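The values are calculated or read from the model by the stated rules, or taken from the named source; none is laboratory data. Just so you know, these numbers come straight off a predicted model, no measurement behind them. Glycine also receives a Cβ, built like all others from the backbone with ideal geometry; neighbour counts cover every protein chain displayed.
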Amino acid sequence: MKNHQLKVLISILILSGLTACGILSRKDKLPQYIDKDGLVAGVSKAVCYSGFRSGQHPDRGEGAVNPTYDEILEDLMILSEDNLFELIRLYDCGDNSEMVLRVIEENDIDIKVLLGIWLDAELSAHETCAWLNEPIPQEKLEQNRQKNLKEIGRGITLANQYPQTVVAVNVGNEALVDWNDHKVSPDTVIAYVKMVKERINQPVTVADNYKWWAEHGLELSEVVDFVSIHLYPVWEGKDIDEGLSFSIENVNEVRQALPESNIVITEAGWATIASEFGERASQDKQLQYYNELMTWAKDNKITTFFFEAFDEDWKGNPNNPLGAEKHWGLYTVDRQPKKVIQALKQ
């Protein structure tokens, strides 16, 4: 084991207060979370969920403004109505995500969760990330590392506290690609995954862009329980006539590189409004992409999380209300159904 990995493992042990006592084999535990076809919770159709409404946002340096218990309950009732979605993805282990888990269990809602462990930058990607204008100070990177270790401890706690609801845990979201601002080294991510796997019964994964997995993911693929990939044809200049075919090419690229891995699509979506995409963004095109992708996912037995449940107007440039980041939802920010949901409920 590399020295850095060993230091990370020791730090997690110290910060999370965990010991090696009582660790049971995972061999017989995973089938309850992943079925014989490789489907998470036995379903192919899932959705990414973040419940921030207008005026709400995660912590951006001055504290979070989180949804209330009742607002989360409303969202989950919307998503679970008529078994619309039985599996959702959360992105971190903060207060908001903990509340989601509590709401599900206290109200006996038929929804399972892929729980996220968010990783902040431990490396400065200022030379490759378009929106980082200067290096992240070393002091900040070290603070982030300590923050990440605490987040991992929370993830372990929540997975063990809610074993009937949390069916898998994801360590890091797009933290490995060069173009993002919260980069973490592959060696560190591998060390984090190993520690989480040793402390929970659920399968553990890492979510990142399909291209990273295909080109750099072999070592990590041998550690995770399944490989989680992101597909965004519209971000890569494709219009709807190439949406499904390009997505299949992306999946096959990962399959060819990692033939022994079980693949889950943890993000794939189509924006309904986007100044960046022009006429390529619309509700009609989102409807077509959703129908084609989810039909293909069902036929090919691949759990697929559509991005995302609700529009989030806190994202992106606050001076551009038409920015793509704000308009990926199947519902508007005020919880009105777009054409995908309207069609599903007919």
- Residue list for segment 14-35, filter: outside any strand (DSSP E or B), at pLDDT 95 or above and not aromatic (Phe, Trp, Tyr): 35
- Taking segment 43-79 and keeping residues in a loop (DSSP other than H, G, I, E, B) and under 18 Å from the mean Cα position of the chain (by Cα) leaves 43, 44, 49, 50, 51, 52, 58, 59
- Task: Mind telling me which of the residues 151, 139 ends up being at pLDDT 95 or above and under 21 Å from the mean Cα position of the chain (by Cα)?
- Result: 151
- Scanning segment 148-190 for residues that are farther than 16 Å from residue 123 by Cα and assigned to a loop (DSSP other than H, G, I, E, B) gives 162, 163, 164, 165
- Query: Any chance segment 49-59 includes a residue that's within 30 Å of residue 299 (Cβ to Cβ), in contact (Cβ under 8 Å) with a residue 24 or more places away in the chain, touching a Leu at 6+ places or on another chain (Cβ under 9 Å) and not basic (Lys, Arg)?
  - Reply: yes
